[in-house]
Amino acid sequence: MPVIITYLQKLLVMHIINLNMADRETATGVVGLVQAYVNTVDVQDGPEELSDPNTLSAWLVAHELMESGQTVTEADLKHAVAVREAIRGVIGANSGRRVYPLDIATLNEAATVSRLRARFGAGGKARLEPEAGGVAGAMGRMVAALFAAMGDEDWTRLKLCGSQTCRWAFCDRSRNHSSRWCTMATCGNRQKARRFRERARVGG
């Protein structure tokens, strides 16, 4: 009986986590693409979507950042994850966090390696396109997406969860842009409970 109860408890916890994940606000368009890439890992609870070169390749192809059949190596995976975390760091500025020089250097390097160039379409509209192929080119497209997202009206709504152990990228849909947590049901309540315990220790 204890084994059955424990199993049911685990199922309930997983169900609650899945519901909370579904409740997290998502953006659309180019801002949504940037958000989706950063959230390929749930820092706090897992999983890591980009766990190996194959999963990285599948994600990039699915999001039309790279053509299928390209070779993807462990070094490419390391580079892609570094770019992802650098983008997370830049998003943090929308939540009042410091952007570290390493994040800036990583993004500048990705732009350089991919050989990003301005291109003009038939209608005269400009865009950034990489000359490099493979993962290097895909990361160049992600940097270009970040550049475009920063000019979008929804950019400042893209924030990082205020929990240092979470840092999930969420879209702040509140009227005054004051949301701090990806969801109140999880991170918000965790922080409230933590502050309560700290006050109790001080008062006790």
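Could you please let me know if Val143 is in contact with a His (Cβ under 9 Å, 6 or more places away or on another chain), in a helix (DSSP H, G or I) and within 21 Å of Lys78 (Cα to Cα)?
no
Could you grab me the full set of residues in region 116-140 that are farther than 17 Å from Glu67 by Cβ and in a loop (DSSP other than H, G, I, E, B)?
Gly121, Ala122, Gly123, Gly124, Lys125
From the set of residues in region 53-109 that are more than 14 Å from Gly134 (Cα to Cα) and among the polar types (S, T, N, Q), which is surrounded by the most Cβ atoms within 10 Å (Cβ to Cβ)?
Per the stated criteria, the residue is Thr106.
Of the residues Gly92, Gly123, Gly69, only one is more than 17 Å from Leu33 (Cβ to Cβ) and at pLDDT below 95; which?
Gly123
Name the residues in region 157-167 that are over 13 Å from Thr26 (Cα atoms), touching a residue at least 24 places away in the same chain (Cβ under 8 Å) and either surrounded by fewer than 17 Cβ atoms within 10 Å (Cβ to Cβ) or out of contact with any Lys or Arg (no Cβ under 9 Å at 6 or more places or on another chain) (or both), would you?
Matches in region 157-167: Thr165 only.
The values are calculated or read from the model by the stated rules, or taken from the named source; none is laboratory data. All values reported here derive from a predicted model rather than from experimental measurement. When we count neighbours, we look across all protein chains shown, and the Cβ atoms used for this are built from the backbone with ideal geometry, even at glycine.
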